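Presented below is the structure to which this report refers.
The values are calculated or read from the model by the stated rules, or taken from the named source; none is laboratory data. What you see is a predicted model, and the numbers here were worked out from it, not measured in a lab. Cβ sites come from the backbone with ideal geometry, for glycine too, and all protein chains shown count toward neighbours. Heads up: the accessible areas ignore ligands, DNA and RNA and are worked out on the full protein's heavy atoms, side chains in. Shrake-Rupley method; radii C 1.70, N 1.55, O 1.52, S 1.80 Å.
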Amino acid sequence: MEIIIYGTVNSVIYALIAVGFTLVYGVSRVPNFAHGSIYVLVGFLTWTFINSIHLHYAVAIVLSLLVASFLGLIIYRFVLIRLRGMATSEIIASFAVSLIILEGLRLQGIAGFKGFIGPFYVLPPFFQGKISILGVFVDYQRLIIIAACFVLVAALWIFTHYTKMGLSLRAIAQDERAAMMLGVHADKTAMLSLSIGSALAGLAAVLILPLGNITAEMGYKVLIYALAVCIIGGLGSWVGAILAAFVIGFAMKISTALFGAVWESVVLVGTIILILLVRPSGLLGKQKELEERV
Amino acid sequence: MSILKVRELMVFYENAIAINNASLECERGKITGVFGTNSAGKSTLMYTISGIILDLKRKEQMRGGERITVLGSILYEGEEVIELEASVRARKGIILCPERRRIFQESSVIENLRIGGILATRQQAKRTLEYIYTIFPVLKDLKNREGGFLSGGEQQMLAIGRALMAQPKLLLLDEPLLGLSPTIEEILTDAIQDINTKFGLAVLIVEQYARPILPIIHYGYVLENGSAVLEGTSEELIENPDVKSAYFGL
């Protein structure tokens, strides 16, 4: 029972982390390696807003999400726009942005302690307390995470299928030039996707970070998890990403319960290799399956 | 009164010339045809009129690849559009239905059409959708099928429908009959004629395969090595001995 509940929580956390990354990649084919750094940055900003400017928690969250989406916009407008279509350069450039943000934050003392005398960087949970579900104690924050993930996925699905903005995102994702012929502005749409993606990274951060400390290393970890989930799910496929999050989440939880936490990362990499051996383009990656018909 | 005036257009890929001093006009409410063999510059012409060439140019520039140069003038409704981006031109009503259709493969038929209707208002989209179902009834039956699983002919119908959803004032069709059977050809040419007469929509068709298209156009050009070497009304072109030998094999 514990495995099921905590496995679900774990999986949902991975899904939350990956959904922003897969949205950006699916739309603009930009692998946004700054994803993890925005995650940590939003955590830090929220912390600062609460503790230094003494804003209300909710206000602080909204404000830092706005900053995150603006940052995504800027990253695209001033860095990535010059490199469009060159995957390697995009990776290097966005990773450079990520390094700047994360190492800058480390200088700020975000490593956990501020010179070993400063405060812990911890976000408070939305609601204190926990309840017992079938004999397993789960705190409210974890339940909120699960609920938020479902709401988010549903909202994203409606957004991309029924609004003009969302439809243009999907159009650009599938065939940039054909979308341009129909009046979709490629750069504006990609910019939009990056800003939404960054906001999603931030949203994941404010939901998940109350479970632990904010550290700079987390940025890299989050990036790796996001990449792993997206690659297993098939790059750019949303359903695949969510599926993959559950595969990884449960694989890791089960292995931890059976063999101990040491094996966690081994199982993670092992799952990736195993799945890619069976399905080279990911669980739902179908780029190579649909050939053009003439 | 012409809706599109192309004057002395030159397009170079590095030093190779793709369009050489081409001039042509599209009349409002008329179907104009441009015929040419492979490498005559047909697709480049379409890319240049629709503005896609600017995107190509930018991508090549970023990669450090071929230098693409565009010279000349394209007047659309009396306004110079040669510097405008493709999406801006689309907003003004120049909609390209591209070669090889470029359907959104993972989206269903109805979603393809909805994406086409991004520029349209709700009423326009609804009206156009109904019209598309009357000229291509097969699309209505396949409404929930994924674009990638349609046959070539169905994809072409969908591509034309999708372009119509964008509420064009000038519809550019790049090789709409490429690789299709005579039955489908007939459905498509009938539909193109219907679109033209019902809405008075200006259509510019570029084709290699002139035989089914020649009878439905009002005015046509023959493109060779990037320049328009011959022009005339439909009858004039059909009667022309050079066209006869080159395109009808007579």
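Report the gain in length on full extension from B:K198 to B:R145: 0.36 nm times residue separation, minus Cα-Cα distance, nm rounded to one decimal. Please report the intermediate quantities before stating the final value.
Working: separation 53, 0.36 × 53 = 19.08 nm, distance 2.84 nm.
Here the segment from B:K198 to B:R145 would lengthen by 16.2 nm.
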Cα centroid of the range A:214-289 to Cα centroid of the range B:99-154, whole Å: 36 Å
Computed FRET value (nearest 0.05) for A:L277 with A:I3, which takes r as the C-beta separation and R₀ as 22 Å: 0.30
Label-to-label distance, nm, for residues given as A:V151 and A:V59 (7 Å Cα→Cβ offset): 2.1 nm
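How much length is gained if the chain between B:S39 and B:H218 is pulled fully straight, taking 0.36 nm per residue apart and subtracting their Cα-Cα distance, in nm to one decimal? Can you show the working numbers first?
Details: separation 179, 0.36 × 179 = 64.44 nm, distance 2.44 nm.
Gain in length upon complete extension: 62.0 nm.
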Spin-label model distance (nm) - A:A96 vs A:V262, 7 Å beyond Cα toward Cβ: 4.2 nm
Distance cut-off 20 Å, percentage of C-alpha pairs in the range B:58-141 lying past it: 54 percent
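Can you give the average number of partner chain beta-carbon atoms within 10 Å of each beta-carbon in peptide B:90-103, as a whole number?
Working: counts 7, 2, 1, 1, 2, 3, 5, 3, 4, 0, 3, 4, 7, 5.
Per-residue shielding by partner chains comes out at 3.
Please arrange A:I101, B:I132 by accessible surface area, largest first, computed with a 1.4 Å probe and ligands excluded.
Working: A:I101 25, B:I132 0 Å².
These residues rank, largest area first, as A:I101, B:I132.
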In nm, spacing of pseudo-spin labels at B:E60 and B:T183 (7 Å Cα→C-beta vector): 4.2 nm
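At a 10 angstrom cut-off on C-beta neighbours, averaged per residue, how do the peptides A:208-216, A:273-281 rank from highest to lowest? Mind showing how you got there, number by number?
Working: A:208-216: 19.6, A:273-281: 12.7.
Highest to lowest by the protection proxy: A:208-216, A:273-281.
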Tally of Lys pairs whose C-alpha atoms are under 29 Å apart, taken over chain A, 8 or more apart or cross-chain: 11
Neighbouring partner chain Cβ atoms per residue of B:55-63, average, 10 Å criterion: 3
Hits among aspartates and glutamates - C-alpha to C-alpha of B:K42 under 17 Å, sequence gap 8 or more where chains match: B:E8, B:E25, B:E99, B:D174, B:E175, B:E207, B:E224, B:E231
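Among B:64-75, B:45-56, how do they line up by average Cβ neighbours within 10 Å per residue, starting with the highest? The partial results should precede the final answer.
Working: B:64-75: 15.1, B:45-56: 23.7.
So the order, starting with the most tightly packed, is B:45-56, B:64-75.
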Average accessible area per residue (Å²) across chain A - probe 1.4 Å, nucleic acids and ligands excluded: 45 Å²
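How big is the Kirkwood radius of chain B, worked out from every pair of different alpha carbons and given in Å to one decimal? Let's see the in-between values first.
On the way: mean 1/r = 0.0542 Å⁻¹.
Averaging 1/r across every pair of different Cα atoms and inverting gives 18.4 Å.
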Theoretical ellipticity at 222 nm over chain A - DSSP helices of four or more residues, -39500 (n - 2.57) apiece, nearest 500: -23000 deg cm²/dmol
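Given an 8 Å cut-off on Cα distances and at least 6 residues of separation, report the relative contact order of the range B:141-242 as a percent.
Numbers: 86 pairs, mean separation 21.3, N = 102.
The value is 21 percent.
So what's the range B:148-250 giving for Rg/Rh, alpha carbon basis, Kirkwood Rh from the mean inverse pair distance?
On the way: Rg = 14.2 Å, Rh = 14.6 Å.
So for the range B:148-250, dividing Rg by the Kirkwood Rh gives 0.97.
Is the range A:195-294 best put as rounded, prolate or oblate by its Cα gyration tensor, with a ≥ b ≥ c the root eigenvalues, rounded for a/c under 1.5, and otherwise prolate when a/b is larger than b/c, oblate when not? List each step's numbers first, then the result.
Values: a/c = 2.70, a/b = 1.32, b/c = 2.05.
Judged from the Cα gyration tensor, the range A:195-294 comes out oblate (a/c at least 1.5, b/c at or above a/b).
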Cα-based reach from B:K57 at 13 Å (exclusive), listing aspartates and glutamates while leaving out same-chain residues under 8 positions away: B:E14, B:E66, B:E83, B:E85
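Please give me, ordered by residue number, the trypsin sites (Lys or Arg not before Pro) of the range B:1-60 that lie in loop per DSSP and have at most 16 other Cβ atoms within 10 Å.
Filter output for the range B:1-60: B:R28.
Using mean Cβ contacts within 10 Å as the protection proxy, how do B:114-123, A:239-248, B:229-238 order, highest first?
Values: B:114-123: 19.0, A:239-248: 23.3, B:229-238: 15.4.
The most tightly packed comes first, giving A:239-248, B:114-123, B:229-238.
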DSSP H segments from chain A that extend 20 Å or more along their own axis, Cα-based, with Kyte-Doolittle mean of 1.6 or above: A:57-74, A:140-162, A:238-259, A:264-278
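Does chain A classify as rounded, prolate or oblate by the C-alpha gyration tensor (a ≥ b ≥ c root eigenvalues; a/c under 1.5 gives rounded; else a/b over b/c gives prolate, otherwise oblate)? Spell out each step's value before the answer.
Values: a/c = 1.64, a/b = 1.22, b/c = 1.35.
Note, shape of chain A comes out oblate.
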All lysines inside 21 Å of B:K198 as judged from Cα atoms, apart from same-chain residues fewer than 8 positions distant: B:K30, B:K92, B:K126, B:K140, B:K169
Whole-Å distance, taken between Cα centres, linking the range B:80-97 and the range A:1-44: 38 Å
Descending Cα extents along the principal axes, the protein assembly as shown, whole Å: 91, 44, 44
